[in-house]
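Comments concern the structure below.
Throughout, read-outs are computed from the coordinates displayed, never taken from laboratory work. From a predicted model like this one, the values you see are computed outputs, not experimental measurements. Cβ atoms come from the backbone with ideal geometry, glycine included; neighbour counts cover every protein chain shown.
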Amino acid sequence: MKQLTINLLFLIAVNFIYSQNKSNWTELDYLNSDNSSFETENEIPGEFFITLTDTFDYYSNPIKIYNNQGREIVKIVFTENGITTWFKGKKYEQNDFNNPLDPWLLSLNPDYFRLAFECVEVTASDYIVLLNEKEKGYISKSNLDFKTESTEDFVKGWMNVGFDFNRSTNPLRVEPTGTSKIITNELLSKYKIWTGGFLKMKGDWVKIRTVNDEIGWIRWRKGNQILLRLYYAC
């Protein structure tokens, strides 16, 4: 199961440092200052994601997930003081790291609340989702508070927020095939981690524009493995 880290502060730091001292810092300098910290997304074995609908008002209605017997197992409540999570009847406040709810994406911040579940099985009436590494929840197909979202659309949406990739192991290519010509750059010997802008998705490949204005294709997925680091910010 993916252990979520919200990278909003990272993005702010990049922009701040770059603007304060452009003569000594570049975006690639910052991204490569500690290569050991680079981690791609975990594998996505699920069929697709289950997310809240765009019109769902979580300040008026709690978010509820049930077990296979129809009993409430998760409830997320928004209040004036923050967000409270109930898991199997036990209460967890917003910043309680003991909270066992650990889906693919969870940001318990009222200003940029995010929630996405991996759907690992579909029954005649329910979507079965991962609540954490061991436990599952059931979301009724008739529950209008939730919607399905393909892995492609999920990744595409967050790539528009921000992403980076290891160009030494996932090279930029002229065409979206593993045998296509690699686009080289003299900076590759110094920088392994690169970022850029999303242009187009085709199968397991995405067309991007790098920070050096190169246009080419990289893999975003290989099997169930995601080859990018995404930024889950507001």
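Structure notes:
- Size check on the chain: the Cα extents along the three principal axes, sorted descending, read 59, 41, 30 Å.
- Rough spin-label spacing in nm, given labels placed 7 Å along Cα→Cβ, for residue 189 and residue 121: 5.5
- On full extension, the segment bounded by residue 156 and residue 174 gains 4.5 nm, given 0.36 nm per residue less the C-alpha separation.
- Point-charge dipole on Cβ atoms (K/R +1, D/E -1) for the chain, about Cα centre, debye to 20: 420
- Top positive-direction residue, dipole computed over the stretch 48-152 with Cβ charges, set 73, 51, 101: 73
- The GluC sites (Glu not before Pro) of the stretch 108-147 that meet both conditions, a loop assignment by DSSP and at most 11 other Cβ atoms within 10 Å of the site Cβ, are 133.
- Here is the list for the stretch 54-104: GluC sites (Glu not before Pro) lying in DSSP coil, each with at most 10 other C-beta atoms within 10 angstrom of its C-beta, are 80.
- Unit charges on C-beta of K, R, D, E only; dipole of the stretch 48-152, Debye: 420
- Among the trypsin sites (Lys or Arg not before Pro) in the stretch 105-149, those placed in a DSSP loop whose Cβ has at most 15 other Cβ atoms within 10 Å are 134, 141.
- Angle between the chain longest axis and helix 8-20 axis [Cα atoms, degrees, rounded to 10]: 30
- Interchain or long-range residues, amide H under 5 Å from residue 226's placed H: 43, 44
- Annotation: lysines with alpha-carbon distance below 23 angstrom to residue 136 (same-chain offsets under eight excluded): 2, 64, 75, 88, 90, 91, 147.
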